[in-house]
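Have a look at the structure below before the remarks.
No lab work stands behind these numbers, since they all come straight from the coordinates. This is a predicted model, so every value here is computed, not measured. No Cβ is skipped: glycine too gets one built from the backbone with ideal geometry, and neighbour counts run over all protein chains shown.
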Amino acid sequence: MDSKKYKPQMGIFWWTDRWSSIKFILRELTSVAVAVYSIIFLFYVSSILQGKKTFEEFSESLKSPAFIALHCFILLCLVFHSITWFNLAPQAMVIKLGEKKVPGIVVALMNYAGWFFISLAILWLVTNLLGT
Amino acid sequence: MVHFKSECDVLIIGAGGAGLRAAIAAAEANPKLKIGVISKVYPMRSHTVSAEGGAAAVIKSNDSTDYHAYDTISGGDWMSDQDAVEFFVNEAPKEMLRLEHWGCPWSRQDNGTVAVRPFGGMKIERTWFAADKTGFHMLHTLFQHTLKYDQIQRYDEFFVTKLIVDNGQCCGAVAIELATGKIFSIAAKAVIICTGGCGKIFPYTTNANIKTGDGMALAYRAGVALKDMEFVQYHPTGLPFTGILITEATRSEGGYMLNKDGYRYLQDYDLGKPQPKPVLRSMELGPRDRLSQAFVKEQEKGRTLKGAYGDFVYLDIRHLGEKTINAKLPFVRELCLKYENIDPIKEMIPVRPVVHYMMGGIHTDIDGATSLAGLYAAGETACVSINGANRLGSNSLTELLVFGSRAGKSAAEFASRINSSNFSIDSIANDEIKKLENFFVRRINGSEKIVEIRKEMHKSMEEGAGIYRSEKKKKKSQSAIASLQQRVQNISISDHSATFNTELISAIELSYMLDVAEAVVQSALQRKESRGSHQRTDYPKRDDQKFLSHSLAYRKDLSLPEIKYAPVTITKWPPGERVYGR
Amino acid sequence: MKKHSEPFWWTLFGAGGAVSALFLPILIFLTGIAFPLGWIEVPSYDLLQKWISIWPARILVFVIVSLSLFHWAHRFRFTLYEGLQLQNYHKIIAIFCYGSAIAVSVYSFYVLI
Amino acid sequence: MSQEKITLEVFRFRPEQEDNPVFQSYEVPLRKDWVVLDALNYIKDYLDGTLSYRWSCRMGVCGSCGMMVNGTPVLTCATFLQKFAPGPIRVEPLSNFPVVRDLVIEMTDFMEKLKKVKPWIIRKDNQEGPEGEFIQTPSQLADYKQYSMCINCMLCYSACPVYGLEPGFTGPAAIALAQRYNMDNRDEGQEQRMELLSTDDGIWQCTFVGECSEVCPKNVDPAGAIQRYKVAGATDWWKSFLMPWAKP
C-alpha cells in the first residue's frame, strides 16, 4: 500500500563527482605510497646489514632514472599524506590547558613543528656526522 | 477511501515545547498510559526552535516571585488572570531546573551557576538563556528527553483535520499521514492541543511557515471559545523583508533604537531618558507593545527610513563590541550576515515591528482544560491567561513548560479515570473522511488560488488588525475576511496525488487561518478601548469599567462569531498605571 | 564491554599515520633522491653499519616500517570498501590487508632483530 | 520594467506518476535578496502548485529545508540565488536518502539513529540530580557546546559517502549528539553509549572523509566528534586489554 520510493544508488566511481571526494580518495591512496616506501626502506636498511657489496649494488640501482622518478612521485604522495594528516590532527586532538581549549591551529602547528624538527635532525645527522 | 485506525490514551497535537513537555508530564503522571504525539512536522522543526532570547524564572536571591508576577501583570496591562500568574511564577523555577537536569545548555556564570539577563519590562534580570538560541536548545533538550520514554509514540508528519467529539467529549482526532495520504482516526481518552500560534495570518511575522493556527481553529470549530484574540504582539525588532526576529537580548545587552536622524526616539514616548547603559523597564527595555507603538508614531512624523519592504528604523549594537556580540549574540550576527548581508559589528541593523505572538488563544482554565471535556490546550495556542494584553518578553518559553506540564498531568489524570472509550468514533471519522474525499474531488472545479486568498487575508489583517486599529478599518477587514471565507470554499488544487501533497495541506491551513483571523477581527472590533497591544485610534484610553474582562469568541456557522466576556481574576494587584522609565 | 578488534587496528593505523607523516618524507628524500643524485653525499658504509648496529636504531626502523604498513593496511582496506564498493568481500580484504602487513612486519622483525 | 530571471532545474519524482525522477525547469525572478527557498515558494505559488518540499522557519534553525543545490547539500533558506547567476540552478533532494516525492526525502532512518545513541542525560544513580542546578562552569559548557548546536538538518548524512554506501552507519549527526552528552559533565552515560557505538555500525566505519564538517551549517564538526570518539574508544580498548581487572 505504501507508495514506492526512489532509492538513489551511488555509482562505483562516485568519488569522481566532486573535487573534494577525489581529494579524499587520493588522500587514502597515499597509504599505498607509505607501504611501498616502507618496504623500500626496509630493503635499504637490510642491504646495509647484508654487507658492503649488497649495499653498494642496491645504492647503484637506486640511481636509475625509473627509480628516481618513482621516488619523486612517492615523495609527492608522502608530503600530501603528511599535510593532510597534520591538518586533520586538531579535529581529533582537543587539548585543554587548564580552563582554556588550545586552538586548533596551535595543535596543527605543533605537528608541523615536530615534522620540521625530525626532518632537520635526520638531515643534520646525515650531513654533519659524515665521515666521523 | 480507506480508513486507518490508531489509538492511544492521551493524544497530544503539536510537538513543540509545550507538546513535548506535556508528553513527558503525562508519561510521568501515569507510566501505564500510551501517549501519542502527533505533529505536521518532525518535533525538532517546531517553531519553539526559533525563540532566541530566553525564559524567565526567579532564581537569584535578590529577586522574588512577587516581582515576577508584578512585571507580568503590569506588562499585560492588568488583563492577566492573577491566580494563573501566581501559579506560573511559582512553578517557573522548578520547571527551569528540571530542564537544566535534562541537559539544557544554559549559559553560566563563572562559578558554574545559571546566568540570567534582563529583558524588556523587567524590574530585575531573571531571564535564563542559552546564548541567543534558547528556544532551540530547549526544544532539542525536550525532544531528546522524550526519546527516553517508550510509551511516547510519535505520529510524525501527520496533519490533523478534525477533532472527534462525541457525547460532549473530545475523544480523538482525524489526521492525514503526509507521506502516504492515508487518513487515520486516532482514538484517545484525552487530547491536548499544543500547536502554537497563528502569526502567518499576518504578512510580516517572525513566525515560521507552519504557524497557521491549526489547533486554535480545530478547537474553535469544536465549539470551544477563543479568548482575547484581539491581543496580537508585535515585536519591535524584526528584519524588514524576512521578518526574522532580532532578539530583545540585543537591547538588554545595551542596543539602541535609532530613527533616521540617529536619535534615540523612545525618549519621546514616556519611556524614560536615554542612558549609556541599559536601565531596566526603561527606554529600549520598555515593553514590546509600547516600543512597537512608538515606531508607528515615528513613522507618522516621517522620522523612519524608507526601504523596499516598508519603513524601518535602526537597531544599533556596534558599541557593544565584537567580543560581547560574539559571546552573547552570536546568532544575531549570523542571521544578519546570512540573511541581510550586514555585519552588526560594523553596521546598524534595519528593523521594523513584526507580528510575533498571540496573547489570545484557546480558552483554558489553570489546568489547561477547555470547556470541552477531554480537551486540553497549552503553549501559545492556549490562553490561560497569564499574558493579558501584552506578553512580557521571555515568559512564553517558561509558559510552555509550566502549562505544558500542567496540561499533560491533568490530561493524564482525566484519561486514567476513563475506563474504555464508549464513543462512536468510527461514524464521526467516516464523516470527516467523506468530507475530505469530497474536498479531493471537488477541488478540480475550484477557481480560487491559494496564494491570492492568502495575500488578501494578509492585507486586510495588516490594515484592520495592525498596531493601531479603528472601527472603520476593522469593519472593512471584517467584510473582507468574510468574503474570503466564501471564496476558500471554492479553492483550486492542482496536485492530485496522495503522496506528500503539500498543496492540499496549504489549502486546509488557509481555511484554518481564515477562521482564526475572523475571531481576531471580531474580538478587536468589539473591544472599544485601548489596552496593551490593542490600541484603537477611536478609543485611545483604557476602560476598566467596561473592558477589564476577557473576550471569548464563539464560532457561528453562517454568521460572524459571537463575542462574550468573562471577568479577569484579580488577587493582589489592583489595576494601576503602567509606568516605564520613571 | 564487548571485545572488538577495530580499536586495535585503528590504533596501529593512527600510530602509523603519525610516524610515516613525521619520518618518511625526509627519509625518501635522502635515500631515493638526494643520495642517488649526489645532492648530498652518502655517509660511508662503515658509518651506516655502525649506526644500524645499535639496538635503538634497529628498533626505530622496525617501528617505522611495521607501523607504516599497518597504516596502509587499514586505510587501503576502507579504500577498497568505499572506492570500489567491495564491502561484500570485507573478510577477504581484511585478511589480505592486515595479513600482508603482519607478514612483512614479521619479515622485517627477522631481518632487523 | 523587464526583470532579470534565472532558471531552476528541479528534481521531480511523483511515485504515482513515474518510475524514475525527471528534471523540470522553471524560470523565476532573480532578486538580490532572494534565497533558493524563496524561488521554490514562488514556483509553488505561481507556477506549479504540485511541487513538494519541506520548509518552515526560513532562518536557518529548524533544519527542514536542506537540499542539494548544484550538487552540494545546503539549507536553501541560507543560499542566495545571486550566487549562482546566471544559472541554471539544479535543485535536488538530499542525496543518500530514499526520496518520498520531489524534494522530500525519507528520514525515519535518521530519526531511529538519533534515538539509538541515547541522547539524554544518563545518571548512574538514576536520580535526576541535585536540588538546585548542576554546577557547570563556562569552560565545562564549552566542552560540549559545539556538539549541541546540531539542528538535525542531515546535510552531513547527505555529504557522507560512508552513509551512502553503508546505510547502517550511525552517521555524523547522531554520533556528534552522543558526544555532546558524553562531554557534558552532568552526564554519566559514556559507557553505555560507547557500547552502542563500538559495534559494526558505529564510529569505526567512519573514514574521516571530513565532508560532514565542511557542509555543516552550524559548525558542529561531526567529523572531529567521531575522531575524538575513536581516540576514547581506542583508549578504553587498550585499558581493558592491558588491565582487564580494572573497571573502566
Per the stretch A:60-121, sqrt(5λ) over the Cα gyration tensor eigenvalues, sorted largest first, in Å, gives 35, 12, 6
Identify the residues of the stretch B:255-285 with backbone N under 17 Å of a label point that sits 7 angstrom from the Cα of B:R318 along the Cα-to-Cβ direction, or state none.
B:255-265
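Cα gyration tensor of the stretch B:166-219, axes a ≥ b ≥ c as square roots of the eigenvalues: rounded (a/c below 1.5), prolate (a/b > b/c) or oblate? Display every interim value, and only then the final one.
Numbers: a/c = 3.26, a/b = 1.60, b/c = 2.04.
Taking the square roots of the gyration eigenvalues as a ≥ b ≥ c, the stretch B:166-219 is oblate.
Within 10 Å of each Cβ in peptide C:72-79, how many partner chain Cβ atoms are there on average? Round it to a whole number, please.
Working: counts 11, 2, 2, 11, 6, 2, 8, 9.
Per-residue shielding by partner chains comes out at 6.
Place the peptides B:429-436, D:38-45 in order of packing, highest mean first, counting for every residue the other Cβ atoms within 10 Å and averaging per peptide. Display every interim value, and only then the final one.
Details: B:429-436: 16.8, D:38-45: 20.5.
Result, highest mean first: D:38-45, B:429-436.
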Treat each spin label as a single point 7 Å out from the Cα along the C-beta direction, and report the D:D109 to B:N430 distance in nm.
4.1 nm
Return one quarter of the surface area of the convex hull spanned by the alpha-carbon atoms of the stretch B:1-101, equal to its mean projected area, in nm².
9.8 nm²
With springs connecting C-alpha atoms under 10 Å apart, model chain A as a Gaussian network and identify which of A:I12, A:I118, A:I83 has the largest mean-square fluctuation.
A:I12
Label-to-label distance, nm, for residues given as B:S470 and C:F96 (7 Å Cα→Cβ offset):
8.5 nm
Residue mean of other protein chain beta carbons inside 10 Å, D:96-105
5
Alpha-carbon gyration tensor eigenvalues x 5, square-rooted, for the stretch A:93-132, Å
34, 8, 5
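Check every DSSP H run in chain B and write down those whose alpha carbon atoms cover 27 angstrom or more along the long axis and whose mean Kyte-Doolittle hydropathy is -0.5 or greater. Intermediate results must be reported in sequence, preceding the final value.
Values: long enough: B:82-101 (29 Å, -0.53); B:396-417 (31 Å, 0.17); B:502-526 (36 Å, 0.82).
What comes out of the filter, once short or polar helices are dropped, is B:396-417, B:502-526.
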Mean residue ellipticity (222 nm) of chain D, computed from DSSP H runs ≥ 4 via -39,500 (n - 2.57), nearest 500
-9000 deg cm²/dmol
Within a Gaussian network of chain A (alpha carbon springs, distance under 10 Å), most fluctuating of A:T16, A:T30, A:T84
A:T16
Tensor-based shape of the stretch B:279-325 (alpha-carbon gyration tensor, a/c under 1.5 rounded, otherwise prolate or oblate)
oblate
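Looking only at other chains, what is the average number of their beta-carbon atoms within 10 angstrom of each beta-carbon in D:208-215? Walk me through the intermediate numbers first.
Values: counts 9, 9, 8, 4, 0, 1, 1, 1.
The shielding value for this peptide is 4.
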Compute the helix-to-body angle for D:222-242: its Cα long axis versus the longest principal axis of chain D, expressed 0 to 90° and rounded to tens.
20 degrees
How many nm separate the modelled label positions at B:E413 and D:S25, each set 7 Å beyond the Cα in the direction of the Cβ?
6.6 nm
The stretch B:443-567: Kirkwood hydrodynamic radius (Cα pairs, Å) comes out at 15.8 Å
Nearest 10, in degrees from 0 to 90: the angle of helix A:19-49 to the longest Cα principal axis of chain A is 20 degrees
For the stretch C:8-112, what number results from the quotient of the Cα radius of gyration and 2.2 N^0.38 Å?
1.29
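Roughly how many debye, to the nearest 20, is the charge dipole of the stretch B:236-356 about its Cα centre, given +1 on each Lys and Arg Cβ, -1 on each Asp and Glu Cβ, and no other charges? Don't skip to the answer; put the middle values down first.
Working: 19 positive and 16 negative charges, 36 e Å.
My answer is approximately 180 debye.
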Taking N as the number of residues in the protein assembly as shown, what is its Cα Rg relative to 2.2 N^0.38 Å?
1.05
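Can you give me the Rg/Rh ratio for chain D, using Cα atoms for both radii and the Kirkwood formula for Rh?
On the way: Rg = 21.4 Å, Rh = 20.1 Å.
With Rg and the Kirkwood Rh in hand, the quotient comes to 1.07.
Taking a ≥ b ≥ c as the square roots of the Cα gyration tensor eigenvalues, with a/c under 1.5 meaning rounded and otherwise prolate when a/b beats b/c, else oblate, which class fits chain A? Kindly include the intermediate steps, with their values, before the conclusion.
Numbers: a/c = 3.44, a/b = 1.47, b/c = 2.34.
Judged from the Cα gyration tensor, chain A comes out oblate (a/c at least 1.5, b/c at or above a/b).
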Span from the the stretch D:114-159 Cα centroid across to the the stretch A:30-55 one, whole angstrom:
50 Å
Span from the the stretch B:199-258 Cα centroid across to the the stretch D:9-84 one, whole angstrom
25 Å
In the structure shown, of B:K297/D:K218; A:K96/B:K328; B:K5/D:K115, the pairs separated by more than 29 angstrom at the C-alpha atoms are B:K297/D:K218
Degrees separating the helix D:172-182 axis from the principal Cα axis of chain D, which is the longest one:
30 degrees
How high is the relative contact order of chain C, in percent, with contacts defined as C-alpha pairs under 8 Å that are six or more residues apart?
35 percent
Long-range amide H partners of B:R469, meaning residues 5 or more apart or on another chain whose placed amide H is closer than 5 Å, are B:Q535, B:R536, B:T537
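Can you tell me what the convex hull of the Cα atoms of chain B projects to on average, as an area in nm²?
Spelled out: convex hull of the Cα atoms, projected over all directions, averaged, 24.6 nm².
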Using 1/(1 + (r/R0)^6) with R0 = 30 angstrom and r between the beta carbons of B:Q267 and B:I342, what's the FRET efficiency to the nearest 0.05?
0.70
Round to a whole angstrom and tell me the spacing of the C-alpha centers of the stretch B:293-340 and the stretch A:96-132.
49 Å
